Amino acid sequence: DFPQALYWYKQAAEQDVPEAQSQMGVLFQFGIGVKRDLAQAQLWYEKASQQKYAKAMRFLALMHQHEKGDMQHLSKAYALFSQAAHLQDAPAMYHLAKMYETGQGIPQSLAQAILWYEKAIALDDAGAAYRLGLLYEKGHGVKQNKQEAKRLYELAIQQDYTEARTQLEQLKIE
């Protein structure tokens with residue numbers, strides 16, 4: 001019964017339960033059972049983020065990252081991804097690494113990208129394994145090593161990361 005669940009989520013969120021606050025953000029962001037309202041989504045994510053709830057920080061960072069992409073929003077995204085990454089949130093580590101890799105809103109640093117991809121991989125993030133595999137395959141920021149790329153793609157494939165399978169099939173090892 002969704003209306004009943006929504007009622008209890010809201011009750012818990014108003015009692016400062018960060019998991020419920022974050023879930024309220026998801027409901028408003030995607031219009032699940034409520035009218036879509038990005039301002040309300042942001043408000044709930046911010047409340048949970050203030051309590052150091054990494055998942056909400058990541059969701060809020062993604063909102064900032066995809067909202068116009070201007071420097072102010074990208075700076076907020078970077079700060080939030082960084083905070084969540086330091087709280088051991090593997091997907092936040094992945095997004096932080098990707099910002100460093102691409103130089104999106106921050107100075108490009110392949111060394112920092114590799115560091116954060118490795119940390120995310122240690123927490124079983126398949127996307128990080130795939131992206132780091134690409135860097136090894138191409139020799140970007142690291143010495144080209146197609147065997148290491150293959151190992152990383154296989155690691156990502158174990159978690160059903162389909163792009164890694166395609167990349168592995170195209171990988172030419174001499």
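The values are calculated or read from the model by the stated rules, or taken from the named source; none is laboratory data. Just so we're clear, the structure is a prediction, and the values are computed from it rather than from any experiment. So basically every Cβ, Gly included, is an ideal-geometry build from the backbone, and we count neighbours across all protein chains shown. Remember, those area values only see protein heavy atoms, side chains included, never the ligands or the DNA or RNA. Shrake-Rupley method; radii C 1.70, N 1.55, O 1.52, S 1.80 Å.
Here are a few things to note about the model shown:
- Answer residue from region 145-168, given it is touching a Phe, Trp or Tyr at 6+ places or on another chain (Cβ under 6 Å) and polar (S, T, N, Q) and is surrounded by the fewest Cβ atoms within 10 Å (Cβ to Cβ) among those: 145
- The set of residues from region 101-122 being touching a residue at least 24 places away in the same chain (Cβ under 8 Å) and either on the phi > 0 side of the Ramachandran plot or among the polar types (S, T, N, Q) (or both) comprises 104, 105.
- The set of residues in region 123-144 that are loosely packed, with under 15 Cβ neighbours inside 10 Å, on the phi < 0 side of the Ramachandran plot and out of contact with any Leu (no Cβ under 7 Å at 6 or more places or on another chain) comprises 123, 138, 143, 144.
- One residue stands out in region 45-54 among those that are in a loop (DSSP other than H, G, I, E, B) and in contact with a Leu (Cβ under 9 Å, 6 or more places away or on another chain): the one that is most open to solvent (accessible area, probe 1.4 Å), namely 52.
- Among the residues making up region 76-93, a single one is open to solvent by 50 Å² or more (accessible area, probe 1.4 Å), assigned to a helix (DSSP H, G or I) and touching a Lys or Arg at 6+ places or on another chain (Cβ under 9 Å): 83.
- With respect to (1) modelled with pLDDT of 95 or more; (2) under 22 Å from residue 99 (Cβ atoms); (3) open to solvent by 20 Å² or more (accessible area, probe 1.4 Å); (4) not basic (Lys, Arg), the lone exception for residue 57 is condition (3).
- Scanning region 63-75 for residues that are under 13 Å from residue 104 (Cβ atoms), open to solvent by 30 Å² or more (accessible area, probe 1.4 Å) and in a helix (DSSP H, G or I) turns up 66, 71, 75.
- Number of the condition not met by residue 34 [criteria: (1) open to solvent by less than 60 Å² (accessible area, probe 1.4 Å); (2) in a helix (DSSP H, G or I); (3) more than 28 Å from residue 118 (Cα to Cα)]: (2)
- Test: residue 105 is in contact with a helix residue (DSSP H, G or I) (Cβ under 6 Å, 6 or more places away or on another chain) and at pLDDT below 95: yes
- Among the candidates 40, 4, 15, 29, residue that is over 17 Å from residue 51 (Cα atoms), of a type in the set (S, T, N, Q) and loosely packed, with under 12 Cβ neighbours inside 10 Å: 4
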